[in-house]
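See structure below.
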C-alpha cells in the first residue's frame, strides 16, 4: 500500500466521525479582477447569515486578505507545519469575527514530510471543520501548478471574471488547464462564475453566456452563473480604507450584489447539490497527488 492510499484511508476514518465544513475555492484567470474582494465580502455576507467562516489565504505571492482586513497575522500555516503551533494559534480574527489563515509558503513544503507528520498536520487542519461552517480558499491567479492543485482538490470553485477581453481569455485558459489536469474529476467539481465590474445586469449575463458557450463546446463541462457585481466607486473607497464594502457601506450596490450571491450559495437546493468535503479531504487530495 503506497503513502497516498494510506492518506486516503486515514481521511475516510476521520470523516466518518465528524461534521464537515463546506470548502469554497475562489480563483481567477488573471490578477486584479477582484478575487480577494469577492472572498472577503462573501465571507462577511455568510457571517451575516449566521455562518461561521474562515478564509485561507493561499495566494502565496501576495497578502491581499490581511491588507484588506487591516490586520497582520502573528502566525501562518508555516508555523503549524514547522513550529508546532496549533490550528487555533494560526487563525487571525478579522471584522465580524471572520477568521483568516495566512498560507505563507507552508503548503509547498508539505510534500516532503513523512506520512506520520502529514497525518498530524491533516488532523490539525481537520479541526477547522469544527470551527467553521464555510472555509473560503483564496488562491493565486492564473495557471501556476500551485493554483491548479487547489482547484483540482476543490469540489466547488468560484471563478471571478470581468468583461475585459484579457480576463475572459485568461479565465478560459485556466479552465482548460484545470479540465485537462489528470486528476480533475468533472463529476465531483462544480465551477461557478461571478461576473465582476460590470455596468449592468445584462452585461454580466452576456459575459457568462460568451465564456460558457466556448467552455461547453471545447471542454464539454458547463458552468453555473452565480451573478454579477457592478462597478462601484463605494467598493474602491472601501479597498482604500481597508474595510470590506459589506461593512463600510451596507447600502452600496456592490454590497447588495455580494449578498445576492451569498444567498444563492446558501440556498437550500444549491447547498444540497454541493456535498461537503471538509479540510482533511481537501488537503489529502493535494498531498496524495504529489506523493
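The values are calculated or read from the model by the stated rules, or taken from the named source; none is laboratory data. Everything quoted here is computed from the prediction, not taken from an experiment. Cβ: placed from backbone, ideal geometry, glycine included. Neighbour counts: every protein chain shown.
Comparison of 202, 255 shows that the only residue that is assigned to a helix (DSSP H, G or I) and either touching a strand residue (DSSP E or B) at 6+ places or on another chain (Cβ under 8 Å) or surrounded by 19 or more Cβ atoms within 10 Å (Cβ to Cβ) (or both) is 255.
Within segment 226-235, one or more residues are over 25 Å from residue 146 (Cβ atoms), in a loop (DSSP other than H, G, I, E, B) and free of Cβ contacts under 8 Å to residues at least 60 places away in the same chain. Residue count for segment 66-115 under the criterion of being modelled with pLDDT of 75 or more and part of a helix (DSSP H, G or I): the result is 13.
Answer with yes or no whether residue 188 is without any contact (Cβ under 8 Å) to a residue 60 or more places away in the chain, surrounded by fewer than 16 Cβ atoms within 10 Å (Cβ to Cβ), closer than 25 Å to residue 150 by Cβ and under 17 Å from the mean Cα position of the chain (by Cα). Yes; evaluated as a whole, the condition is true for this residue. Kindly check whether there is at least one residue in segment 155-167 that is modelled with pLDDT under 95, buried (at least 18 other Cβ atoms within 10 Å of the Cβ) and over 18 Å from residue 265 (Cα atoms). Within segment 155-167, none of the residues are modelled with pLDDT under 95, buried (at least 18 other Cβ atoms within 10 Å of the Cβ) and over 18 Å from residue 265 (Cα atoms). Inspect segment 175-184 for any residue being under 19 Å from residue 23 (Cα atoms), at pLDDT below 95 and surrounded by fewer than 20 Cβ atoms within 10 Å (Cβ to Cβ) and give the result as yes or no. Yes, there is a match, as at least one residue in segment 175-184 is under 19 Å from residue 23 (Cα atoms), at pLDDT below 95 and surrounded by fewer than 20 Cβ atoms within 10 Å (Cβ to Cβ). Restricting segment 42-65 to residues that are more than 21 Å from residue 125 (Cα to Cα) and out of contact with any helix residue (DSSP H, G or I) (no Cβ under 7 Å at 6 or more places or on another chain) leaves a set whose member that is modelled with the lowest pLDDT is 61. Considering segment 117-188, the qualifying helices (runs of 4 or more DSSP H), each wholly inside and each with 3 or more residues that are farther than 28 Å from residue 85 by Cβ, run over 165-179.
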